[in-house]
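The values are calculated or read from the model by the stated rules, or taken from the named source; none is laboratory data. Just so it is clear, the structure is predicted and the values come from calculations on it, not from any experiment. Cβ placement follows ideal geometry from the backbone for every residue including glycine, while neighbour counts extend to all protein chains displayed. Areas reflect the complete protein model, heavy atoms only, side chains present, ligands, DNA and RNA absent. Shrake-Rupley method; radii C 1.70, N 1.55, O 1.52, S 1.80 Å.
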Amino acid sequence: MALSACREQASEYYLHGTTLGTGYHITLYADLDQSQVAELEAGIQGELATLERQRSTFTQALDAAFSHFWIATPSLRQETDRVVHSLAVDRLTRWLEDHPMAPAAMLVEVGGVMRGRGKPSENGWRLSLEQAGLSGPDGARHLRLQDAALVQRFAQQDVVPLVTLSTPLAVSVVAPSASEAMQQASLLIRADPADALLLAENMDSAARVVVKTPQGIEIQHTAALEPWLEP
């Protein structure tokens, strides 16, 4: 996922690490000294440690619940982690917003789930909507995110049938929170490809749907996504 932002008055700080079985990346625009940056980083680590404990407790309960059944838990864990990653993004965003040293602009990412607040430049956070090898005939390759979250779900290629009339490949959703975007994206990636765009329209979702058809790759988006798209 490509990201570019132009520095203006505030300085840029980049915090990153591993958490919740994945990585996190936080970009901040603020006027801070090194001790203040360290304070924010310590607070972020504390929030993530709490989420780690909650995730561990839940996965242990999940394993215990399904240990005597044939149902495989890896897919359930993956879905659980996606939800936890979106919750982590929302939690960190709120924590930073409420902090006395709240940055002028921030982009929080955990496991590919992203949420931007404020404007690092005149046009907001520039994010890519593309998966490698999937070009869009509608030209919607990037969007400008501001005070919203972006979630992208990709179909598991190893379980996609070799012969099919239509197969979902990816969906992208912009929503006010990461949790809301994840909920909508999860519904759309599981929907019948022929109905996914209509479902997104009915939910008033700002969404982009990528589908493989016998004729090739079709990429469509809802009217609600238009204001976010880069011209």
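Between the alpha-carbon centers of segment 196-210 and segment 8-33, tell me the distance in whole angstrom.
The two parts, judged by their Cα centres, are 32 Å apart.
How do 12-24, 78-90 rank on mean C-beta neighbours within 10 Å, highest first?
My ranking of the peptides, most packed first, is 78-90, 12-24.
Determine the per residue accessible area of segment 9-128 with all protein chains present and a 1.4 angstrom probe, expressed in square angstrom.
Details: 6080 Å² over 120 residues.
Heavy-atom accessible area per residue stands at 51 Å².
Ratio of Rg to Rh for segment 180-231, alpha carbon only, Kirkwood? Intermediate results must be reported in sequence, preceding the final value.
Working: Rg = 11.1 Å, Rh = 11.4 Å.
Rg/Rh: 0.97.
Roughly how many Å² of Arg190 are accessible to a 1.4 Å probe, to the nearest 10?
Surface accessible to solvent at Arg190 totals approximately 150 Å².
Show Ser11, Ser186 ordered by accessible area, largest first, where the area counts protein heavy atoms only and the probe is 1.4 Å.
Values: Ser11 40, Ser186 15 Å².
Per-residue accessible area, sorted high to low, gives Ser11, Ser186.
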